[in-house]
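Student: Following this message is one structure expressed as structure tokens.
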Amino acid sequence: MVPGMMTKFKTGSGILIFLTFSFLCLCKAYSAESTSWVIAAEKFSLAKGQKESALVQNLSENLPSSILEKIGEDLYRNVLVSESLERTRFKLRTERQSLYLQLSAEYKKRDLIFLEDYSEKKLKQMLKAEDKKIQEIEKSLEKNLQSLREAEENALKEEEVEEKKSAVDSEDENQFMKFSHLIKKIFKEDDSFASLEKISFYKNDVYSLYNPSEKAKTAGYESGTFSKELYSAGINTLVTGVFSLYGDYISVSVSLYLYPEAKKIGSVMEVGNIQDIELLANSLAGQLVPLFTNALPVKISVALEPAEVNAKKQLYIDDVLQRSDLSEITLESGRHSFQITAEGYEDLSFSEYFEGNSEYKIEITMTARTEGEIQIGLISPLEGSLYINGEKADMISPQKYIIQLNGSHALGEFISADEETAFFYIPDSLYINSSMVKIKPKPMDREKYIDTRRKWMYASYSLLMVSLIPTFYTYGTFLNKVKLYNDYDMISYEKASKWQQASRICTGVSIACGVFWGFELVRYFMAANSVLPQKAAYGDVDIIIQEKNEVEETDSDSNPDSDEVSDEVSDADEIS
């Protein structure tokens, strides 16, 4: 074979290798579809006619990240049949284009064979090999087209089925979530109608903004060039924005583009104060969430127990009072917050995520609010004020307080005259009507106290580390002297004995430092735990109730001295 033939053959192989490598890369990029729906944002642009500044530059980069940050987690995209079909079309179309390039390369390579000076036998062999490759590519193309036809037929069937459904089968009834109020999912639509994909962010970071190429920017958001670039980057939707500034106020317009469809799926706008960008970002994120999730309606029914609660209740969903029938509330899918209030019952609030195109039944048993009064005594006399669940208790005598029950749990705070605090809590078993508890509050500046104990702990640890230096030195020298004395008789017994004594003294000092450090460590842990509220203990009810009666009687008595004597006697009795 002449050198020219070899050169031409190698060139054709290079083209084939290049096309094959490109095809494999494209297949890897487009076949690696994940079950997550990726959101990306680009740097927002300033409206025409506005002047650039450092503030504008900062807003351009921080506004999109702030909006994505407010979206939150645990959101899912309802991917409809049409959206899934468009993804399949794009994937198959890209694969066909790659196969066609391979096919054209193989045909050209086949034509080149006739130009070479091959023997008849060799020519037939090479033509047969090329024909086989061409047939394989054509089979792949036909398989691709068949997949496209099947995808479109299936999508058409699913859409026809959904159009005919006036009522949806509710046999697939399962428990979707469980908490103390027993939320039960009682219905779920056929999965063929919409699939769920968890929403995630580009590079799993809301602060990573996507920077499209100049070619894509020139082509535009709805161009095929932009679509290919975004799809190759694994991005399903792009957040774009334009803003303008006038005085202290800013107007922001945000648009969403869906890929690979390359179409705008929505726009939102908000106006706010530059000083309160967080509020602006919250509002924009709230408007964008239904677009991100492709929100489908959710039907919710709420059943309250006991029955008398229904006449008193007020139900708020996302801070909006519900005045309609609670047996049929229609909401968008996603996370919603609930708050229920009723006179004589504890307030209840919770937040849950609801999957779209579904029905839920929420069964709630309200807890009756505890009524009555509880009396609190101080073991040690202290001047100050006492609060339970944020409400100030009435002092009925020195060291004695009384307060109305105002909740199912009691967290208290004693504030001394010098504004130092001490927290305590009353266990549920004692938080009942006519109950009496006693506490021994220790108001102090706990931050300063913990800092002091931490310094002592670190100082004792440092002392221990320093003490180990002479300990290791004297002990090592002692062992060396013992070896010299026993093996070589190079030193006297008295000299070795002195190093032994020094080693024992240093070891004793290190042990003492270790004990001191352990002591200070325990004190530091106790100081750190001092921020926890103290548990109230059972107290003497009769004495306090008696004192309360005496105080009420002395309100109309003109002799205050007798009340003071009674208080002192009662105090002495309780302390004893």
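The values are calculated or read from the model by the stated rules, or taken from the named source; none is laboratory data. These figures come from a predicted structure and were not determined experimentally. Positions of Cβ are backbone-derived with ideal geometry, glycine not excepted, and every protein chain shown enters the neighbour counts. For the accessible areas, the whole protein counts, side chains as well, though only heavy atoms, and no ligand, DNA or RNA atoms are used. Shrake-Rupley method; radii C 1.70, N 1.55, O 1.52, S 1.80 Å.
Student: Of all residues in region 405-415 being surrounded by 15 or more Cβ atoms within 10 Å (Cβ to Cβ) and of a type in the set (A, V, I, L, M, F, W, C), which is modelled with the lowest pLDDT?
Tutor: In this case the residue turns out to be L405.
Student: Right, next: When the residues of region 384-404 are narrowed to those that are under 39 Å from the mean Cα position of the chain (by Cα) and among the charged types (D, E, K, R), which ends up modelled with the lowest pLDDT?
Tutor: Ranking the candidates gives E391 first.
Student: State whether the residues of region 133-141 include one that is of a type in the set (D, E), within 53 Å of the chain's Cα centre (by Cα), open to solvent by 90 Å² or more (accessible area, probe 1.4 Å) and over 30 Å from L230 (Cβ atoms).
Tutor: yes
To keep it simple, each residue is scored yes or no on (1) open to solvent by 50 Å² or more (accessible area, probe 1.4 Å); (2) in a helix (DSSP H, G or I); (3) of a type in the set (D, E, K, R); (4) over 30 Å from S327 (Cβ atoms).
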| residue | (1), (2), (3), (4) |
| --- | --- |
| I250 | no, no, no, yes |
| V254 | no, no, no, yes |
| I265 | no, no, no, yes |
| M269 | yes, no, no, yes |
| L279 | yes, yes, no, yes |
| A285 | no, yes, no, yes |
| L288 | no, yes, no, yes |
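Student: Still on this structure: Kindly state which strands (runs of 3 or more DSSP E) lie completely within region 372-484 and contain at least 2 residues that are small (G, A, S).
Tutor: It comes to 384-388, 410-416.
Student: I'd like the full set of residues that are surrounded by fewer than 19 Cβ atoms within 10 Å (Cβ to Cβ), more than 36 Å from the chain's Cα centre (by Cα) and of a type in the set (A, V, I, L, M, F, W, C), limited to region 416-446.
Tutor: A417, L430, I432
Student: Is there a residue being in contact (Cβ under 8 Å) with a residue 24 or more places away in the chain, touching a Gly at 6+ places or on another chain (Cβ under 8 Å), of a type in the set (V, I, T) and closer than 30 Å to N310 by Cβ anywhere in region 408-428?
Tutor: Looking through region 408-428, none of the residues is in contact (Cβ under 8 Å) with a residue 24 or more places away in the chain, touching a Gly at 6+ places or on another chain (Cβ under 8 Å), of a type in the set (V, I, T) and closer than 30 Å to N310 by Cβ.
Student: If E343 satisfies every condition in (1) touching a Ser or Thr at 6+ places or on another chain (Cβ under 6 Å); (2) open to solvent by 60 Å² or more (accessible area, probe 1.4 Å); (3) of a type in the set (D, E) but one, which is the exception?
Tutor: Every listed condition holds for E343 apart from (1).
Student: Something else now. Looking at E355, E363, E383, which is the one that is touching a residue at least 24 places away in the same chain (Cβ under 8 Å), loosely packed, with under 15 Cβ neighbours inside 10 Å and under 30 Å from K299 (Cβ atoms)?
Tutor: That would be E363, the only listed residue that is touching a residue at least 24 places away in the same chain (Cβ under 8 Å), loosely packed, with under 15 Cβ neighbours inside 10 Å and under 30 Å from K299 (Cβ atoms).
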